[in-house]
Amino acid sequence: MAQALPLPAAAPPRPGPAVESPVASALVDSGPLLALFNAGDHWHARVLAWLAAHPETRLVSTWPVLTEVCALLARRIHNEAAFDFLRWVQRGAVEIDSPEAGGLQAVLAISERFASLPFDLADASVAEAAGRRRIRHVLSVDADFIVYRDQAGRPLTSVLWA
């Protein structure tokens, strides 16, 4: 069974040299958050390294992502891992996006537009928030996340796969 990590600080440590191309904001999917709180996850080191190299990046996520992360941490590790995650978010590590009144309609439209993919409410909510907030960078362990497009038809940029 995977071990829970000590609670990460709200802000990752600053890297020594300056980062070449800063990412102001990135929408974060479930995978990196799960990896961050699970030392046994094979993405753990890569996510930690990316966060340490990009301390200026504001992480933004959605309620469906937070719900998915809590459920999976509780199931895979223990309830306390999910509580630790929520405490970390509460300290400001991740901004929780609040969808507008038409958010559900937009998520459904995105889901129907990409109906050839397995349905994933968390992914669709991230794609909707990215379009509405005009954030093109996504922190995801899913290589296929780039199939989602913004309203101008441009792919989202998956920063862990760049």
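The values are calculated or read from the model by the stated rules, or taken from the named source; none is laboratory data. A quick note: this is a predicted structure, and the numbers were derived from the prediction, not measured. As a convention, Cβ positions derive from the backbone with ideal geometry for all residues, glycine included, and neighbour counts pool all protein chains shown.
Could you list all residues from segment 102-150 that are farther than 16 Å from TRP63 by Cβ, modelled with pLDDT of 85 or more and touching a strand residue (DSSP E or B) at 6+ places or on another chain (Cβ under 7 Å)?
Result: ILE135, ARG136, HIS137, VAL138, LEU139, SER140.
Out of the residues in segment 151-162 meeting the condition of being at pLDDT 80 or above and of a type in the set (A, V, I, L, M, F, W, C), tell me which one is surrounded by the fewest Cβ atoms within 10 Å (Cβ to Cβ).
Out of the qualifying residues, it is VAL159.
Regarding segment 107-119, can at least one residue be identified that is in a helix (DSSP H, G or I), within 16 Å of VAL159 (Cβ to Cβ) and either within 11 Å of the chain's Cα centre (by Cα) or among the hydrophobic types (A, V, I, L, M, F, W, C) (or both)?
no
State which residue pairs qualify: first residue under 17 Å from ILE135 (Cα atoms) and inside segment 49-63, second residue among the hydroxyl-bearing types (Ser, Thr, Tyr) and crowded, with 16+ Cβ neighbours inside 10 Å in any location, beta carbons under 7 Å apart, and separation of 6 or more residues or different chains.
THR57/SER25; ARG58/SER25; VAL60/SER25; THR62/SER125
Go through the residues of segment 83-95 one by one and say whether even a single one is assigned to a helix (DSSP H, G or I), without any contact (Cβ under 8 Å) to a residue 60 or more places away in the chain and of a type in the set (Gly, Ala, Ser).
Scanning segment 83-95, I find no residue that is assigned to a helix (DSSP H, G or I), without any contact (Cβ under 8 Å) to a residue 60 or more places away in the chain and of a type in the set (Gly, Ala, Ser), so the answer is no.
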